[in-house]
1. Which one is farthest from residue 185 (Cα to Cα), of the residues in segment 118-133 that are within 16 Å of the ligand (Cβ to nearest atom) and over 12 Å from the mean Cα position of the chain (by Cα)?
2. Run residue 44 past the list (1) surrounded by 15 or more Cβ atoms within 10 Å (Cβ to Cβ); (2) outside any helix (DSSP H, G or I); (3) at pLDDT 95 or above; (4) more than 19 Å from the chain's Cα centre (by Cα) and report the number of the one that doesn't hold.
3. Which condition number in (1) under 28 Å from residue 169 (Cβ atoms); (2) surrounded by 23 or more Cβ atoms within 10 Å (Cβ to Cβ) is the one that residue 235 fails?
4. Scan segment 73-94 and report the pairs whose first residue is under 14 Å from residue 121 (Cα atoms) and whose second residue is part of a strand (DSSP E or B) and at pLDDT 95 or above, with Cβ atoms within less than 6 Å and a gap of 6+ or a chain change.
5. May I ask you to list the residues in segment 141-157 that are within 16 Å of the ligand (Cβ to nearest atom) and within 30 Å of residue 37 (Cβ to Cβ)?
6. Just one of the numbered conditions (1) farther than 20 Å from residue 238 by Cβ; (2) touching a strand residue (DSSP E or B) at 6+ places or on another chain (Cβ under 7 Å) is not true of residue 156; which one?
7. I'd like to check something: does segment 166-175 contain any residue that is within 15 Å of the ligand (Cβ to nearest atom), modelled with pLDDT of 95 or more, farther than 30 Å from residue 58 by Cβ and surrounded by 19 or more Cβ atoms within 10 Å (Cβ to Cβ)?
8. Does residue 207 fit the bill of being free of Cβ contacts under 8 Å to residues at least 12 places away in the same chain and under 27 Å from residue 120 (Cβ atoms)?
Ligand SMILES: [Zn+2]
């Protein structure tokens, strides 16, 4: 399944080529995903994704925004961009990590100085990662059982998120570092000191688009980075354990169209 998808993506990429350059402007608040006293969830009701924009004045962009995330990435969105270099992300070999349940699923925070990501002329520091099940982004209408978001913040509050898509398969060494001990979503105050853990290694071949936080306040101006190649794998057991930490077993916001934003992909050429 994955190799067919890669071939389809590659075929489209070589057919399209533009050189684009722009500067993403951060216009929203710098609040990280999750963590607010107003109750929101992933139900089909008024507190679910369809109602987030009405729950709080500051969350209006969840409803009215034009650059929202996640997106359904289609062949029409893919453009190669020769100005994109290798993904410039460097992390410490091991970072001191703290695990907790945000109330919406597993989240792991790390101290400042755990590494850095450079993209679009900005430098960002990793601050936390968390999981969504199933994936929030879809590629050619394909959903994945898990998407991990590694959230980075710049000194002036801009955000960049690397999304890692997981297929079901072999056990993930990375997820094995915490999947078995995620506190319940009913205990958001419980923190687990994981000691020093190994970080995910992002793929050097990646694509990027400008979007938003996928949770309230849905602030826009977020640089998204996703790899459409070499997906991660997680075992059925790991997926089941992590799913048990997500209320009602799913925490994915429905997708938006790219609305002409495009998904700019790095090319080796
Ligand atoms: Zn997320």
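1. The extreme case among them is 124.
2. Here residue 44 clears every test but (1).
3. Residue 235 satisfies every listed condition except (2).
4. 88/118; 89/117
5. 146, 147, 148, 149, 150, 151, 152, 153, listed by residue number.
6. (2)
7. So far as segment 166-175 goes, yes, one or more of its residues are within 15 Å of the ligand (Cβ to nearest atom), modelled with pLDDT of 95 or more, farther than 30 Å from residue 58 by Cβ and surrounded by 19 or more Cβ atoms within 10 Å (Cβ to Cβ).
8. No.
The values are calculated or read from the model by the stated rules, or taken from the named source; none is laboratory data. A quick note: this is a predicted structure, and the numbers were derived from the prediction, not measured. Heads up, the Cβs are rebuilt from the backbone with ideal geometry, glycines too, and the neighbour counts pull from every protein chain shown.
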